[in-house]
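Heads up: the structure comes next, in structure tokens.
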Amino acid sequence: MNKIFRLTYRILVSSMDLNTIGFFIMMPVGYLIIMGLMMGSIVPYMYYNGLKISYITFIAPGIVADQILIGGSLAGWILWQDKRIGMLEQIFSMPYTRFDYLIGNLISMIIVTFGGAMVMTFVAIPFISLEISIFGLFLVVVFLVLGTFIFGSIMLALGAIVKSNQIFNLVSNIVFFIVTFASSVFYPLTSDTPILLKIVAEVNPLTYVVDGIRSAYLNQIGINDLFDFLILLVLSFVFMTIATIAYRKIKLSATV
């Protein structure tokens, strides 16, 4: 266990420089404040499950949920960097196993996700109506963990497979953009939503994370949240299996 904690600490310290922290915090805060307030002046209120809320109250849970993409991207980026510069071979030449490294990476992305989610929640509190209960708080934790495992696994698989820095950045940025904007983060999915966008949103795991967290924040938890949970549970198992297989197939000169 001590080896895993050491690797987790090493991953966090090596990745969390001032520029990275600033980007991870300022971009979501910008989404929340700028889009929330500017769009809120155009859309003064909206209805969610029959509840009349402000637009910034609607998007705040989505911005919190979006932290799973940041945590997941970090995991994939660290694996890619360590593979590219030969750091994986150095780590595995010491008394660390692939399992130790994988678990350390997963723990680090969970820490990043929850750190970002807490910051976003505290920033949002002065602007939103927050009705969360103790069970709702537990539900937020569950949805964040499952969502982080899903997108972290996707990015870990990408980091294990690609051989070019340009390809990794291109694919990860495309995934980040599509997943964020083709979901229910910034707008509700209704019968008026364009059919293609609605289809993409309904197969997008982030939509289910956002809907679950939004229900918890507004104390509107229902049977649909159980459905969202089951979908995310299955997807997390599937993508973690794929990521583990891809990770195990990384070729190293050292025997590990």
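The values are calculated or read from the model by the stated rules, or taken from the named source; none is laboratory data. Note that the structure is predicted; figures quoted are calculated from it, not measured. Glycine also receives a Cβ, built like all others from the backbone with ideal geometry; neighbour counts cover every protein chain displayed. Quick note on the areas: whole protein, heavy atoms, side chains included, nothing else; ligands and nucleic acids left out. Shrake-Rupley method; radii C 1.70, N 1.55, O 1.52, S 1.80 Å.
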Item to complete: Could you list all residues from segment 171-214 that are over 18 Å from the mean Cα position of the chain (by Cα) and either under 19 Å from Leu233 (Cβ atoms) or aliphatic (A, V, I, L, M) (or both)?
Response: Leu189, Ile195, Leu196, Leu197, Ile199
Fill in: Selection status of Ala201, open to solvent by less than 40 Å² (accessible area, probe 1.4 Å), free of Cβ contacts under 8 Å to residues at least 40 places away in the same chain and of a type in the set (A, V, I, L, M, F, W, C)
yes
Worksheet item: Are any residues in segment 33-62 under 16 Å from the mean Cα position of the chain (by Cα) and farther than 17 Å from Leu189 by Cβ, and if so, which ones?
Response: Ala60
Item to complete: Would you mind finding the one in Asp82, Asp66 that is among the charged types (D, E, K, R) and free of Cβ contacts under 8 Å to residues at least 60 places away in the same chain?
Response: Asp82
Practice prompt. Can you tell me which residue within segment 131-144, out of those that are surrounded by fewer than 16 Cβ atoms within 10 Å (Cβ to Cβ) and not hydroxyl-bearing (Ser, Thr, Tyr), is modelled with the lowest pLDDT?
Written response: Glu131
Item to complete: Test Gly72 against the criterion of being open to solvent by less than 70 Å² (accessible area, probe 1.4 Å) and in contact with a Phe, Trp or Tyr (Cβ under 7 Å, 6 or more places away or on another chain), and give yes or no.
Response: yes
Worksheet item: For segment 173-202, which residues satisfy the criterion of being in a helix (DSSP H, G or I) and touching a helix residue (DSSP H, G or I) at 6+ places or on another chain (Cβ under 6 Å)?
Response: Phe176, Val179, Ala201
Item to complete: Scan the helices (runs of 4 or more DSSP H) fully inside segment 35-146 and keep the ones with 3 or more residues being farther than 21 Å from Tyr208 by Cα and touching a Cys at 6+ places or on another chain (Cβ under 7 Å).
Response: none
Worksheet, complete the sentence: Residue count, segment 9-22, condition surrounded by 12 or more Cβ atoms within 10 Å (Cβ to Cβ) and at pLDDT below 75, comes to 5
